[in-house]
Amino acid sequence: MKRVFSGVQPSGELTLGNYLGALRNFVRLQHEAECFFCVVDLHAITVPQDPAQLNRRTFDLAKLYVASGLDPKIATIFVQSHVPAHSELSWLLSCFTYIGELSRMTQFKEKGRKGENVSSGLLMYPVLMAADILLYDTDAVPVGEDQKQHLELSRNIAERINHHFGPVFRVPEPLIPPKKAGARIMSLTDPTAKMAKSGEANSYIALLDPPEVIAKKIRAAVTDSGREVYYDEVNKPAISNLMVIYSLCSGEALETIAERYGSSGYGRFKSDLAEHVIQTLKPIQERYRELSEPGVIEAILAEGAAKAESVAKVTLDRFRQKIGLVPRFNLD
Ligand code: ATP
Ligand code: LTN
């Protein structure tokens, strides 16, 4: 059976972009492969985080994984920092990764530009991500378009090490949905930027937004000039983005949507879109509330970490041995 690994950062409220670009596909994949889904808390702290918020968001994200349809009996759900092998392999891999290739990463350049004090953790971000993936002998990594470059680096690191030491790591393949299938959902306030949970509140729909907030954000979403509803990424980036969201939430083809609304203006299109988004998120929000009983998510994460650790350990030991590290001695 193929192995699948992916992670999401507990760096804010999960957005509709995260759901359509990533989580929705995780849910489908759990029936087709052996899946590991991780809450990557160590990635989140590459930029400043409020400790209390990070703590709460880690639980929230784990609950949203399950509420979105991941079944902890089928998929392994765990928190990255609970499995120390991630940090350890990250160090080992960093010794086979060049500063030049890290500083060329788009995400590093973009996120690094914002702050004055850029942490070295932010530069190392893709190495930790490679460790996440390589530890599980991963075949495929479902991610949104923005992670393509990081995945390519993970592959390069794995290939470099395999070339040097003989086969150690499986080289993972990215699994990126087509653009019209949600690979890159754009911001509601700026259709040239991706919808991100670290963006400003009106730019994204959070998975836990109440119906009236969803409707309000969609009503306020920027549109393009004219009043026709049709798909044209270049000339109508805002409407095209809203159409993709509509299509994914309703299950209807883009052409069907364009035919229905034609030149009737954006008003009815937006209010119907809001209804489809609300209905898509409703079951997730209901399940999320059920998961809030004390102890439920903790038990899922305890079991997930134990399962993940047993797999990760084998890969880590294999690599340690290849590079000549002496195994730890036991006294008895
Ligand atoms: P941050 O704003 O903190 O960088 P993010 O919203 O970009 O966070 P991540 O945790 O980095 O979210 O990403 C989780 C998953 O969701 C990844 O697979 C990523 O590719 C995907 N993803 C994030 N934003 C979008 C988007 N706008 N459209 C499609 N997929 C997305
Ligand atoms: N960088 C990813 C999150 C992430 C990830 C991973 C995704 C961390 N480790 C391993 C896939 C596989 C992001 O979405 N920003």
Test set (1) over 26 Å from H276 (Cα atoms); (2) at pLDDT 95 or above; (3) among the small types (G, A, S) - A67 fails condition number: (1)
State whether the residues of the range 225-236 include one that is part of a helix (DSSP H, G or I) and either surrounded by fewer than 20 Cβ atoms within 10 Å (Cβ to Cβ) or not hydrophobic (A, V, I, L, M, F, W, C) (or both). no
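Conditions tested, residue by residue: (1) buried (at least 18 other Cβ atoms within 10 Å of the Cβ); (2) within 11 Å of ligand 2 (Cβ to nearest atom).
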{"position": "G144", "(1), (2)": "yes, yes"}
{"position": "H150", "(1), (2)": "yes, yes"}
{"position": "N156", "(1), (2)": "no, no"}
{"position": "R160", "(1), (2)": "no, no"}
{"position": "V171", "(1), (2)": "no, no"}
{"position": "P178", "(1), (2)": "no, no"}
{"position": "D190", "(1), (2)": "no, no"}
{"position": "M195", "(1), (2)": "yes, no"}
Is it the case that the range 58-74 has a residue that's touching a residue at least 12 places away in the same chain (Cβ under 8 Å), surrounded by 12 or more Cβ atoms within 10 Å (Cβ to Cβ), part of a loop (DSSP other than H, G, I, E, B) and of a type in the set (D, E, K, R)? yes
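From the set of residues in the range 141-164 that are touching a residue at least 60 places away in the same chain (Cβ under 8 Å) and under 13 Å from G7 (Cα atoms), which is farthest from ligand 1 (Cβ to nearest atom)?
Only one residue tops the list, namely V141.
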Check off (1) in a loop (DSSP other than H, G, I, E, B); (2) within 22 Å of the chain's Cα centre (by Cα); (3) more than 14 Å from T15 (Cβ to Cβ); (4) of a type outside the set (D, E) for S247 and give me the number that stays unchecked. (1)
Somewhere in the range 118-140, is a residue within 14 Å of ligand 1 (Cβ to nearest atom), closer than 13 Å to G7 by Cα, modelled with pLDDT under 95 and not in a helix (DSSP H, G or I)? no
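The values are calculated or read from the model by the stated rules, or taken from the named source; none is laboratory data. The shown structure was predicted, so the numbers you read here are calculated from the model rather than taken from an experiment. Please note: Cβ atoms are built from the backbone with ideal geometry, for glycine as well, and neighbour counts cover all protein chains shown.
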